[in-house]
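This report refers to the structure that appears directly beneath it.
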Amino acid sequence: MNPKTSDQLATGVIYALVAAVIGILIFLLGYILMTGIPHISGHFLTSAAQSFRAGGGVRDQLFNSLYLLVLTLIISFPIALGSGIYLSEYAPENWVTSLIRTSVEVLSSLPSVVVGLFGYLLFVIRFGMGFSILAGAIALTFFNLPLLTRSIEESLQDVSELQREAGLSLGLSRWKTITGIVLPAAVPGILTGIILSAGRVFGEAAALIYTAGQSAPTVNYGDWNPMDSASFLNPMRPAETLAVHIWKLNTEGVTPDAAQISSGASAVLIVVILLFNLMARLLGNWMYKKMTATR
Amino acid sequence: MNMQTYAFDKTHIIQIPLEKAMTTENLQVFYGDNHAMHDASLEFPRYRITALIGASGSGKSTYLRCLNRMNDRIATVKGKIMYRGTDINSDHINVYEVRKHISMVFQRPNPFAKSIRENITFALKRNGIKDKAELNKRVEESLKAAALWDEVKDDLDKSALALSGGQAQRLCIARCVAMKPDILLLDEPASALDPISTAKIEETLQQLRKNYSIIIVTHNMQQASRIADYTAFFHMGHVLEYDETEKIFTNPEIKATEDYISGNFG
């Protein structure tokens, strides 16, 4: 075979493989959206789920998913930021650092069921939190931390060493150089990392079944006091999320329209995650322009 | 290229008859076990330009980076660096304070990913200057000092990343000047630039020489002979000759210097 034909052959194979990946993606997305979108309506998004009758919605599940995501980020972002800065800026290259990096990687590869059961035994039972949004958020933090730490560390690493030298040579301390120069330059990358990990958190079900629970109690959306048990902001109440709802409808759903609601909820889930990704790009670009004053 | 070996014990290093900006005594640098700089004792005059020349790997950049403690985390530096009667190489010195007095411009232009104005005001603000008028004044003064004002005065709030290499390097000089340091260290500031930008940088340095003591590392011998008052020749981690620039380039005392400036190696 001469170089030209072998090159053409290789190119053809690579194109075919890429086409396969895109094909699978389009098929999956298309199937979910096609079967789901006809069931989405204003009523579907704004009414509560029904246990036995048809015509239920996903209002509470959708809110729970978003609320859980926000709580998870509030817990995990500061920790991930701190460890990301440490790993990127302060950690010396030695066995302790590589041990930390390996631990972070191991944490990210834990099966979510295991994390869920661990959260169930420790937080729900041992600490007496019960099935609650907070227990769910802590369990999700375990997933989120490795991803987020990694992406923050990498975004910081991507900032040129010359920028750090420039800050130091002007008499700024290392901390001021990091917070004032390196971190702003890394913001778009960090933001992308947050939103991408948010997508994963949003779709997680296995870890939440045992921690945030499988019931969506009726809550009062007018009650803004998180201490009230009826408040929608109460972090100690059980909260079924969208992903858990889909799982439940398909395993033990008894409503006559379980299949339709499941398709609709799946479509909502996919659309929200797609929106996250889109937002990640737009917000990342916008922040970068703002930070670097490029107009 | 035939690399001759030269004796390191035969040196010619003059004492400066002028007021001194800073001096080093027996400065030695180690990268781990690698002894990168041997016993450099030099005196730098105030309000003059001193050039450090030598081949790649001769230790001139390593030496320069010691002068405001930029080697702290990379290398072990022994010996004294005297500045205003204090040894700034000792452990209890506040290195951040040192760098406000002894500022550095690097080989590759490294403006911050911020606007032109913020590039200059960022460090000033962090050092407690909050007054808007004062900040604006410093921006204008420093950009004028770096001969960049006319080119960017209408674009102060645009990104510094859009500047050309030569403009970016002059912005880096302006950024240092705005801090009102005493001494400017420049590490091959023009080596990544085209000849026109290089000429502008040199012109800028000639202007700055009136108010600042400048120490510049360069691999460009014409540049050293054009702008420097004094020149030190570095070779394989040793300072072999230090004298007035004219003397170095017309009648060097040391064979290695003569061979280097006449282009026999390096």
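Things worth noting here:
- Spin-label model, A:Leu66/A:Met227: points 7 Å from Cα along the beta carbon direction are separated by 2.6 nm.
- Within straight-line cross-link reach of B:Lys255, lysines at Cα separation under 21 Å, skipping those fewer than 8 residues along the same chain: B:Lys10, B:Lys60, B:Lys247
- In order through region A:146-157: 3J(HN,Hα) via Karplus (6.51 cos²θ - 1.76 cosθ + 1.60), integer Hz, x for Gly, Pro: x, 4, 5, 4, 4, 5, 5, 4, 5, 4, 5, 4
- Derived scalar couplings between HN and Hα for region B:93-108 equal 6, 7, 5, 5, 5, 4, 6, 6, 8, 10, 9, 10, 10, 9, 4, 8 Hz in order, rounded to whole Hz, by the Karplus curve 6.51 cos²θ - 1.76 cosθ + 1.60 (θ = phi - 60°), x for Gly and Pro.
- Chain A: most fluctuating residue of A:Leu242, A:Leu183, A:Leu269 per GNM, C-alpha cutoff 10 Å: A:Leu183
- With N counted as the residues of chain B, its alpha-carbon radius of gyration over 2.2 N^0.38 Å works out to 1.01.
- Rounded to the nearest 20 debye, dipole of the protein assembly as shown from Cβ charges on Lys, Arg, Asp, Glu: 1080 debye
- For region B:46-188, with all protein chains in place and a probe radius of 1.4 Å, 45% of the accessible heavy-atom surface sits on carbon or sulfur.
- Estimated at 0.36 nm per residue, the fully extended path between A:Val113 and A:Asn277 surpasses their Cα-Cα distance by 56.5 nm.
- Under 5 Å between amide hydrogens, built in the peptide plane, is the criterion, and for B:Leu186 it picks out B:Val105, B:Ile215, B:Ile216, B:Val217 among residues at least 5 positions away or on other chains.
- Accessible area buried by the pairing of B and A, both sides summed with a 1.4 Å probe, works out to roughly 2200 Å².
- In degrees, nearest ten, helix A:258-292 long axis to first principal axis of chain A (Cα): 30 degrees
- Karplus (6.51, -1.76, 1.60) ³J(HN,Hα), θ = phi - 60°, over region B:44-56, in Hz, Gly and Pro reported as x: 10, x, 7, 6, 9, 9, 10, 9, 10, 10, x, 6, 4
- On Cα atoms only, tilt of A:59-85 relative to the major axis of chain A in degrees: 20 degrees
- Cα centroid of region B:1-79 to Cα centroid of region A:73-141, whole Å: 49 Å
- Residues whose amide H lies under 5 Å from that of B:Ala21, counting only those 5 or more places away or on a different chain, are B:Phe44, B:Arg46; hydrogens are built 1.01 Å from N in the peptide plane.
- Heavy atoms of the protein chains alone define the surface here; on that basis the protein assembly as shown has 48 Å² accessible area per residue at 1.4 Å probe size.
- Take the convex hull of the alpha carbons in the protein assembly as shown; its mean projected area over all directions comes to 36.9 nm².
- Peptide A:159-168 is shielded by partner chain Cβ atoms: per residue, an average of 5 of them sit within 10 Å of its Cβ.
- One decimal place: the segment B:Thr23-B:Lys247 gains 78.6 nm when fully extended, by the rule 0.36 nm per residue minus the C-alpha distance.
- Listed residue (B:Ser142, A:Ser108, A:Val268) projecting farthest to the positive dipole end of the protein assembly as shown, Cβ model: A:Val268
- Angle between chain A longest axis and helix A:242-252 axis [Cα atoms, degrees, rounded to 10]: 40 degrees
- Taking amide H atoms as placed 1.01 Å from N in the peptide plane, the amide H of A:Ala216 lies under 5 Å from those of A:Glu240, each 5 or more residues away in sequence or on another chain.
- Computed about the Cα centre, the dipole magnitude for region B:134-266 is approximately 340 debye when only Lys and Arg (+1) and Asp and Glu (-1) carry charge, each at its Cβ.
- In plain terms, the bigger the Kirkwood radius, the slower the diffusion; for chain A, with that radius from Cα pairs, at 20 °C and 1.002 mPa s, Stokes-Einstein puts D at 99 µm²/s.
- Of the solvent-accessible surface of region A:40-292, computed with a 1.4 Å probe and all protein chains present, 67% belongs to carbon and sulfur.
- Pairwise FRET efficiency - A:Ile100 versus B:Ser262, Cβ, R0 = 35 Å, nearest 0.05: 0.05
The values are calculated or read from the model by the stated rules, or taken from the named source; none is laboratory data. All figures in this text were calculated on a predicted structure; none of them were measured in a lab. Cβ: placed from backbone, ideal geometry, glycine included. Neighbour counts: every protein chain shown. SASA here: full protein model, heavy atoms, side chains in, ligands and nucleic acids out. Shrake-Rupley method; radii C 1.70, N 1.55, O 1.52, S 1.80 Å.
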